[in-house]
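Have a look at the structure below before the remarks.
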Amino acid sequence: MDFGKGYRIYYYDLESTLVLFVAGSDKKDQKKVIQQANLYLEDYIERNNNDTNR
């Protein structure tokens, strides 16, 4: 049975914060989605650091 694309959950444990990313993808574009999740994490960390430094 083929149900098409699936949902993937990527998570990062940052000390006291758990960051979750939910993405829809299939196996062939999984690497691309992981790269995008890493970019989102970098953006999250940068924004969080900027808020802390104010």
Within region 19-52, how many residues are of a type in the set (S, T, N, Q), free of Cβ contacts under 8 Å to residues at least 12 places away in the same chain and closer than 22 Å to TYR7 by Cα? 2
For PHE3, work out the one condition from (1) exposed (fewer than 10 other Cβ atoms within 10 Å of the Cβ); (2) hydrophobic (A, V, I, L, M, F, W, C); (3) at pLDDT 85 or above it doesn't fulfil. (3)
As an exercise: evaluate TYR11 against (1) at pLDDT 80 or above; (2) touching a Gly at 6+ places or on another chain (Cβ under 9 Å) and give the number of the one condition it does not meet. (2)
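The values are calculated or read from the model by the stated rules, or taken from the named source; none is laboratory data. This is a predicted model, so every value here is computed, not measured. Positions of Cβ are generated from backbone atoms using ideal geometry, with glycine treated the same way; all protein chains shown enter the neighbour counts.
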